[in-house]
Structures are given as C-alpha cells and as structure tokens.
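Here's the structure we're looking at; comments come further down.
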Amino acid sequence: MTAHGIAEPGSRALSGWQAMLRVVEGLWIWYRRNWRATAVSNVAQPLLYLAAFGVGFGGLIDASPHAAQATGGVPYLLYLAPALLTVSAVQNATFESTYPIFSAFRSQRTYWGITATPITPAQLVTGQLVGIALRLTVSATAYVLVIAPFGAIRGPGVLAALVFAVLCGMAFSAPLMALAAAWKKGRTPFAAISRFVVLPMVLFSGTFFPVSQLPRAVQALVRISPLWHGTELARGAALGTLRLWPAAGHLAYLTALLAVGVLLSRWRFRVRLTP
Amino acid sequence: MSDSLVQARGLRKWFGALEAVHGIDFDVQAGEVFGFLGPNGAGKSSTMRMIGCVSPRSAGELQVLGMDPDTDGPWIRSRLGVVPQQDNLDLELSVQDNLHVYGRYFGISRAAVRAKAVELLDFVQLTDRAADPVEQLSGGMKRRLTIARSLVNEPELMLLDEPTTGLDPQARHLLWDRLFQLKQQGVTLIITTHYMDEAEQLCDRLVVMDGGLIVAEGSPRELIARYATREVLELRLRPGARNGWDETLKDVADRVEELPDRLLLYASDGEAALAAAHQRGVQPVSSLIRRSTLEDVFLRLTGRSLVD
C-alpha cells in the first residue's frame, strides 16, 4: 500500500481524549456565536423565581417562627438561592439533552457527519456531555455572579454548590440523552417530560420548602428525584450545613445515575449511528 | 497484497431478518471512478456504509485502504471523504465554520484548516457565501459545500452516495465537472447513483446491483455492448392499443421491453425495425430511434423501470 503513499495506521488518528475535545470545540463554536440567546434566558428564569419567592414571598414567611424552624433559621432568600441554582441546571440540562440531540439525529443529521470522520459514537457521547456540562457551568456561574451583590450568598461554599448543581444537571442529562437518541419518529415526549417529570420534581424536591413538610409516602418518592439529592448537596454546601455521610449518599446516587446514563447513551448512539 | 483500495469478498450485510447485501465481490483500483448502480433497495447504500466504516459487515471479507474496517475504522475514516445521500451540514453555522469544525474532527490544525477552507470554497465556487449561514444556501450550494467538506482532510478515497439527487441540471453539471477534476488529480471515487447519464459520464467501471447482488460488472461501454443492441426503437402507442403488440413485434427486434408509456425494441438497425413494425400494421403515436444507453442495460438487468 506504500505505493499510494499511505502512512502506517495510527499516524493520523486522534487519541480518545483529543477526539472528545474536538467534539466539544465544535459545540463551543456554535455556543460562541449564539450564547446571548441562551445565557440570558437561562439566567433570567431563576432570577425571576428568586425575586418573586425569595424576596417577595420570603419577606412574608421570614416573620413566621414556624417557617424559621423549617429552614433551620436561615433567611428564606439564602435558603432558596442555592436550590434555584440546581433547579436551573436541571431545567437547562433537560432542554440541552433532548431537542438538540433529537435534531442532530433526525432533522439536521449532523451526528452522521461527525461519525463519518475518525470520531467514534462513544467519543461523540462524551464530547456532547462535556459540552452540555460547560454550558450549565457558564449559566450557573452567571447566576451566582448576578445574585452575589444582593446578599443571596453566604460565602465561598457557593462554589461547591455550583459544582453539585452541574453534577445534578448532568445526572439528569445523560439518561435523557439516551432517550433522545432512541426516539426515532413521531411526537417527541420532551414537552411531557418537562411538564410531568421536571415540574413536579421542582415543586416537591425541597426547592421551596423542606421535604419534611410532605406526607411520609411522598417523602419516600422524593428520594428517587435527582433534583432532591442535588438540592440537598447544593444547599448544604452554600449554607455550610453539609454532613459527610448524607453527602456521600447523595453524591453516590447522582454519580450512579450519570454513569448509567452515559452507558445507555453510548449504546443508543452506537446502535443508531453504526447499524 | 493487491493494488486495490477496496477489496470485498463474499461481503454480506443483514439487519435482523432482512438481508440487504447477499454476498458480493468487487475491487476498486486506485485512481478510478467506480460506480454502484441499482434501483432503490438494491443494497448500494448499505455497501457504501460498510466501506465508510460506519456499518460493521455481517459476514465476508472487506479491506479498505489495505486495512480492516472492524479493527481500523477511525484510521480508515481519517483518509476518506464522504458525501452522504442526505446533507448533514450544521445549518446554524456559517459556510466557513462548517469547514473549520469538520477539519478539526480530523485533527487538522486551526491554521491549516483555515487555509484549506479558503482553497475549497474557491473550488466549489462558494467564496462569496463564506460568512453566510448554511440555512440560506440553495440545495445545489449545500451539495457543493458537502463536497468541499468531504475534501478537507485531502482524502485518498471519496464515497459519494447519490451525489446529485434532487439537483437541477445546472447544478448537476457543475458538480460533475468538480468530480471530474478530482479524478484528474488522482483521487479515487466511488459513486452510487440511479441516474444512468451520471454513471455514463463519470464512471470508468461500474457494477449493477439488484436485490443485494451484483448482476453485472464492466465499463459503461462494455455493459452496453454486452447487454443491449446497437440501437433502440421507441414506440409510443395509444393507451389501451398496446395489447398484443409485443407478440406481433417479437421477431422484429432482438428483444422487446415494455414500459408503462412505451415499447422499446432492441435491434441493430432501428430504421429496419420501424419499417417492419409499420408493415405489421403498428401505428404508433410517435417513434424514436436512438443509440443504446446504460439505461437499457439497467432495464434488462433489473427488469424494471427506475424508481426515483
């Protein structure tokens, strides 16, 4: 084969790590041109919630001794701010890992273009997930920077809260990505997921009030919600109330969900892209 | 080790119970334009995807650029240029960003890919659209950009799956011209098409596929000589007035092919066949005598008219 000037195998192929970074770079080029539209809405939404509930509603309930007991004596604004960080990460993750993935398979078909190059479906999955994690981080950082001057943050613990929020978003993102990759035709279930999975999760995962206020049966159900685990971690980190063993449990749950999601996504991407 | 860039022996592909490719042998030599012809569902695209290392073979042997797609897929793909049947450009990026991003997937440096993009946009006449979003391009322009994109890694072998389907004649001719230039530069091209004129224009050698099998192989000229007569007489008859004519006309021509709208009479002398038909009382609405083309070969081999 040397007659055609073909080099030895491996000479031009990328390592797995480089290949994944190239996928992230491709996504980043899009983001660099379009970040305004997404960043504004991604930051504005939790801010509106924080203003309405944290400031407006919080002013009402901070006067009640019963409420102070439920929030551990923390002003409601401080109680709510890290939870909304996690909520926002999960909501953004839901969007980012459904419609764009579905479109990259079905209408734009860009994934087929990418896997015609040396990039493998597994590298594409990792790169896409890292790209989503980066965007969640950008939006979460912007939210923290905006709320900091208003006294909604207690200290540097918010940085750990930010990491936990992004982890929580990714634990939700990866399994959804597998679903979006498996969805070939017909009406997509994504709007229903937002309405009937994400919204109830936001309302009953301890975002606005402690889970202990719920009936026992519901409390058990809340434990499967990744948002509850993420909120416990983020709030605990932001307020400095995190305890080791519960934190390890929450981390283990979110990490396991992420790992299962990654494996499912890799499987669905491989089946779809290299039939 | 042979000199062929692609070598297949007993190559098969099945999806569950459906067998798309039934065991085919072929060789593609360096520098040639090799065509896969066949109706929809013949197994052309499945074969192309196996060569492109994005669909593992079910059985048989396959070597691409001397390597095995099962074990060296990424390495082989780094040397291929792929033009898929359906465009998969990133519609939300600009024309030049599409090339930049794609070049990076091959590990090409940013500086090199920028220089390459300028050259490629000039080659496909899209320089003045470089900054426009792909969404605004016409179908022909998107196709040209897809071809430019497939060249970003300076491929040794190009795979083009129905490259001109859906394009207007102008756009097709511009595309053919560019593909011909690539051939002149020594790039090996594998093309699937169901346009016979495209195959005749471009292919040095081709195989006709039907039902997952290769039913004929050769250059366009060889295939016409082997499977068709020198001339064809086309008779267009009044609807309903056709019954039985092919019986009457059987010994006028070597072979009679019945299409929905006309009869094709294969004969070495078309004028003589027409005179004989008139003698037997056939009064066609119109008649035409022409040279045989690949389309006639195709009709003979696959026994059906083309489905676009």
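Observations, loosely collected:
- About its Cα centre, the dipole of the range B:4-219 is roughly 420 debye, where the only charges are +1 on Lys and Arg Cβ and -1 on Asp and Glu Cβ.
- Sorted from greatest to least, the principal axis extents spanned by the alpha carbons of the range A:93-137 come out as 30, 21, 12 Å.
- Computed from phi, the 3J(HN,Hα) profile of the range B:11-22 under the Karplus parametrisation 6.51, -1.76, 1.60 (θ = phi - 60°) reads 5, 9, 9, 10, 10, x, 7, 8, 9, 8, 10, 9 Hz, with x in place of Gly and Pro.
- Computed over chain A: relative contact order in percent, which uses C-alpha pairs under 8 Å that are six or more apart: 26
- When B:T127, B:T146 are sorted by how many other C-beta atoms sit within 10 angstrom of their C-beta, beginning with the fewest, the order is B:T127, B:T146.
- For the residue pairs A:K185/B:K44; B:K13/B:K250; A:K185/B:K116; A:K185/B:K142, the C-alpha atoms sit more than 31 angstrom apart in B:K13/B:K250; A:K185/B:K116.
- Cα gyration tensor, the range B:79-192 - rounded (a/c under 1.5), prolate or oblate: oblate
- Take the Kirkwood radius over Cα pairs of chain A, plug it into Stokes-Einstein at 4 °C and 1.567 mPa s, and you get 65 µm²/s for translational diffusion.
- Nonlocal amide H pairs with B:L206, under 5 Å, H built at 1.01 Å: B:G35, B:G218, B:S219
- Normalised by residue count, the range A:179-235 yields a Cα convex hull volume of 96 Å³ per residue.
- The value of relative contact order for chain B, using C-alpha pairs under 8 Å at least six residues apart, is 20 percent.
- Calculated SAXS-style log₁₀ I(q)/I(0) at q = 0.09, 0.15 Å⁻¹ - the range B:4-219, Debye, Cα scatterers: -0.34, -0.96
- Cα radius of gyration and Dmax for the range B:229-291 (Å): 10.2, 29
- The calculated Kirkwood hydrodynamic radius for the range A:121-201 is 14.8 Å, given to one decimal from all distinct C-alpha pairs.
- The string of couplings for the range A:248-259 from the Karplus curve (6.51, -1.76, 1.60, θ = phi - 60°) is 4, x, 4, 4, 4, 4, 5, 5, 5, 4, 4, 5 Hz, one whole number per residue in order, with x for Gly and Pro.
- Set the Cα radius of gyration of the range B:187-308 against 2.2 N^0.38 Å, with N its number of residues, and you get 1.14.
- Calculated P(r) tail over 17 Å for the range A:161-275, as whole % of Cα pairs: 60
- Dipole of chain B, positive end: most advanced residue of B:G139, B:F36, B:H278 [Cβ charges, Cα centre]: B:G139
- Overall, the protein assembly as shown carries a charge dipole of about 2300 debye about its Cα centre when +1 sits on the Cβ of Lys and Arg and -1 on the Cβ of Asp and Glu, all other atoms neutral.
- Taking each DSSP H run with n ≥ 4 as -39500 (n - 2.57) and averaging over every residue of the protein assembly as shown yields -16000 deg cm²/dmol at 222 nm.
- Amide H contacts of B:L160: B:V83, B:I190, B:I191, B:T192, each under 5 Å away and 5 or more positions distant or on a separate chain (H built 1.01 Å from N in the peptide plane; Pro and chain starts excluded).
- Two numbers describe the Cα atoms of the protein assembly as shown: Rg and Dmax, which are 31.3, 112 Å.
- Phi-derived couplings, Karplus 6.51 cos²θ - 1.76 cosθ + 1.60 at θ = phi - 60°, listed residue by residue for the range A:139-156: 5, 5, 5, 4, 4, 4, 5, 6, 7, 3, x, 8, x, 8, 10, 8, x, x Hz, with x used for Gly and Pro.
We did not get these values from a lab; they are worked out from the coordinates using the rules stated. Since the structure is predicted, the reported quantities are computational estimates derived from the model, not experimental observations. Reconstructed Cβ throughout: ideal geometry from the backbone, glycine too, with neighbour counts over all protein chains shown.
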